[in-house]
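Everything on this sheet refers to the single structure shown next.
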Amino acid sequence: MVEPVETPLTRMLYAKEIEHSLIIHKRPAYSCEDVSRERNIPVADVLKCILVVDKGRRHYLFCLPGDCSLDLERCQQFLTSSRLSFATKEEAQAVTGQRAGTLNPFFHKIKIPIIFDRSVLGRGVVDVSSGHPNAGVQLHSQMLVLLVNPLFADVTLGESASKNPEMPKT
């Protein structure tokens, strides 16, 4: 039997009566590929959240589709930073209060800028970590954007979302 899962994110979604689906699975999932297998969804529908730090020790959370890779050079250009690196697991826990592999753009210990790759706007339903390795939350990408109010940039490797004429620039 799978135990019920309650996290700050799920409590907020239920309290605000926001339409979503909670997907619970038996095995913990910490990578987008594991999430895809456990929740039986395409990797592209998983929201990948990556914490980076600049040379001034400022943190930024970048969110992108799970089948994409973060382009640190594009991130540096967007932030006008000369150096960025990936945060350690310990930094991720200290800054977000969430364990590496369960990061989401909600309820961080420290207020940090959140940047979505523009391609997230074109998604229908996205799967976001609930903050628990055995559960994900699926909600419409437009609702996710309203809740998070992120900045937007082209930060993935390869073809940028701005080359897609249907993608709005915000």
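The values are calculated or read from the model by the stated rules, or taken from the named source; none is laboratory data. Note that the structure is predicted; figures quoted are calculated from it, not measured. Virtual Cβ from ideal backbone geometry, glycine too; neighbours counted across all protein chains shown. For the accessible areas, the whole protein counts, side chains as well, though only heavy atoms, and no ligand, DNA or RNA atoms are used. Shrake-Rupley method; radii C 1.70, N 1.55, O 1.52, S 1.80 Å.
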Fill in: Between segment 32-73 and segment 74-107, the Cα center-to-center distance that results, in Å
10
Worksheet item: Of all DSSP beta bridges in the chain, what percent run antiparallel (nearest 5)?
Response: 75
Discussion item. For LYS111, give me every one of the aspartates and glutamates with a C-alpha distance below 16 angstrom, ignoring sequence neighbours fewer than eight places off in its own chain.
Written reply: ASP54, GLU91
Item to complete: Lys and Arg at +1, Asp and Glu at -1: add these up for the other residues within a Cβ distance under 11 Å of PRO150 and post the number.
Response: 0
Item to complete: Kindly work out what percent of the DSSP beta bridges joining two residues of segment 45-143 are antiparallel, to the nearest 5.
Response: 80
Fill in: Karplus (6.51, -1.76, 1.60) ³J(HN,Hα), θ = phi - 60°, over segment 51-61, in Hz, Gly and Pro reported as x
8, 10, 9, 9, 5, x, 6, 8, 9, 9, 10
Discussion item. Tell me the carbon and sulfur percent of the accessible area for segment 1-46, rounded to whole percent, probe radius 1.4 Å.
Written reply: 50
Fill in: Theoretical ellipticity at 222 nm over the chain - DSSP helices of four or more residues, -39500 (n - 2.57) apiece, nearest 500
-6500 deg cm²/dmol
Item to complete: Just grab the label-to-label distance for LEU151 and ALA100, each label 7 Å out from Cα along the Cβ direction, in nm (one decimal).
Response: 2.5
Worksheet entry | segment 6-153 - accessible surface per residue (Å², probe 1.4 Å) | 50
Worksheet item: In the neighborhood of PHE116, defined by Cβ-to-Cβ distances under 12 Å, what is the net charge if each Lys or Arg adds +1 and each Asp or Glu adds -1?
Response: +1
Worksheet item: Residue farthest toward the positive end of the dipole of the chain, with Cβ of Lys/Arg at +1 and Asp/Glu at -1: which of TYR60, LEU9, LEU72?
Response: TYR60
